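Below: the structure, in structure tokens.
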Amino acid sequence: MAITQKLQTRLSQKLVLTPSLQQAIKLLPMTTLELAELLNQEMVENPMLEEISTEEMQAVEPQAQTSEPEAPEAPKPDRPDANWD
């Protein structure tokens, strides 16, 4: 009896439905009324959730857009006699 060694490679691919994908698939076909009802039900069941009105959301969005980072100042030369211009 001879002892032999073999090396094989195997490549596999599988589709995994994560919980967030399952939730998205469940929510996509819902009408607006069904979605509103589901959201109300979730808010009743989970006291940590709170509803933010659309007016508050629109007030927050422009503030986030206007707070752009300022341009950094030009570096100052290390030596006083250096001419960087």
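Per-structure values
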| quantity | calculated |
| --- | --- |
| Residues that are open to solvent by less than 100 Å² (accessible area, probe 1.4 Å) and assigned to a loop (DSSP other than H, G, I, E, B), drawn from the range 30-50 | 30, 31, 46, 49 |
| Test: residue in the range 61-69 that is out of contact with any Phe, Trp or Tyr (no Cβ under 6 Å at 6 or more places or on another chain) and at pLDDT 90 or above | no |
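The values are calculated or read from the model by the stated rules, or taken from the named source; none is laboratory data. Here the structure is a predicted model, which means the values were calculated and not measured. With ideal geometry, Cβ positions are generated from the backbone for all residues, glycine too; neighbour counts draw on all protein chains shown. Only protein heavy atoms, including side chains, enter the accessible area calculation; ligands, DNA and RNA are left aside. Shrake-Rupley method; radii C 1.70, N 1.55, O 1.52, S 1.80 Å.
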